[in-house]
1. Identify the single condition in (1) at pLDDT below 95; (2) over 16 Å from the mean Cα position of the chain (by Cα); (3) outside any helix (DSSP H, G or I) that Ala131 does not satisfy, given that it satisfies every other one.
2. Kindly indicate which of Arg45, Arg33, Arg95, Arg52 is within 13 Å of ligand 2 (Cβ to nearest atom) and not in a strand (DSSP E or B).
3. Name the one entry in Val85, Val119, Val123 that is among the β-branched types (Val, Ile, Thr) and either over 23 Å from Tyr51 (Cα atoms) or modelled with pLDDT of 95 or more (or both).
4. Give Asn120, Asn141 a once-over and let me know the one that is surrounded by fewer than 16 Cβ atoms within 10 Å (Cβ to Cβ) and either within 16 Å of ligand 2 (Cβ to nearest atom) or in contact (Cβ under 8 Å) with a residue 24 or more places away in the chain (or both).
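The values are calculated or read from the model by the stated rules, or taken from the named source; none is laboratory data. Computed from a predicted model, the values in this text were never measured in an experiment. Note that each Cβ is placed from the backbone with ideal geometry, even for glycine, and that neighbours are counted across all protein chains shown.
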Amino acid sequence: MKNKTVIIKDIINSFVSIPKGLWITLVNWSIARPCVTELYPEQKRQLPQNYRGIPVLPVDPKTGKSRCIACGACARMCPEHIITVEIDKSDPKDRKPSEFSIDISRCMWCGLCTEACPVNCLVMGKDFELATYTREGMIYNLEDLMRLGGEFPAEEVVEEIAEEKKEESES
Ligand code: SF4
Ligand code: SF4
């Protein structure tokens, strides 16, 4: 059984805690303090530049197609072996994939596939709302990856990326 002092302390604390809590609410409920709550999904979060989403294949604005040359380097590099690339042999002078797919249910967003790409056509996208009801829905084909990739960034951005990679490999 609690002694009298402890009981009195508990009673005092219970009365003190109410104004204490109200004071904290009052201090934080002020127009001077910026709102920190994100109203997702109505408001989409601003993602950092280096955010890694699903690997995607942006299209070249000049051709409307992916710049992929179907070399398969990304598939060989992927530690999860979830990338499938099939070469289109219809025109020997124009290397392109006839099929390209990624099973993102097993992707760990490591970005190694993008690092291996010799033409920098595979980049980490910004999409994160990827939930589906089926496993098949997690397999993204060439069209899906191009749609998610949007248009390829301006030429100078591509050159910047290539320069960065070159510097990284030299250091
Ligand atoms: S991000 Fe990593 S795990 Fe995902 S496809 Fe690329 S290499 Fe594979
Ligand atoms: S490494 Fe690049 S060019 Fe080669 S198959 Fe993959 S995405 Fe295409």
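1. (2)
2. That would be Arg95, the only listed residue that is within 13 Å of ligand 2 (Cβ to nearest atom) and not in a strand (DSSP E or B).
3. Val85
4. Checking each option against the conditions leaves just Asn141.
Yes/no per residue for (1) under 19 Å from the mean Cα position of the chain (by Cα); (2) of a type in the set (D, E, K, R):
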{"position": "Val16", "(1), (2)": "no, no"}
{"position": "Trp29", "(1), (2)": "no, no"}
{"position": "Arg33", "(1), (2)": "no, yes"}
{"position": "Pro41", "(1), (2)": "yes, no"}
{"position": "Pro48", "(1), (2)": "yes, no"}
{"position": "Gly53", "(1), (2)": "yes, no"}
{"position": "Val56", "(1), (2)": "yes, no"}
{"position": "Asp60", "(1), (2)": "no, yes"}
{"position": "Ala70", "(1), (2)": "no, no"}
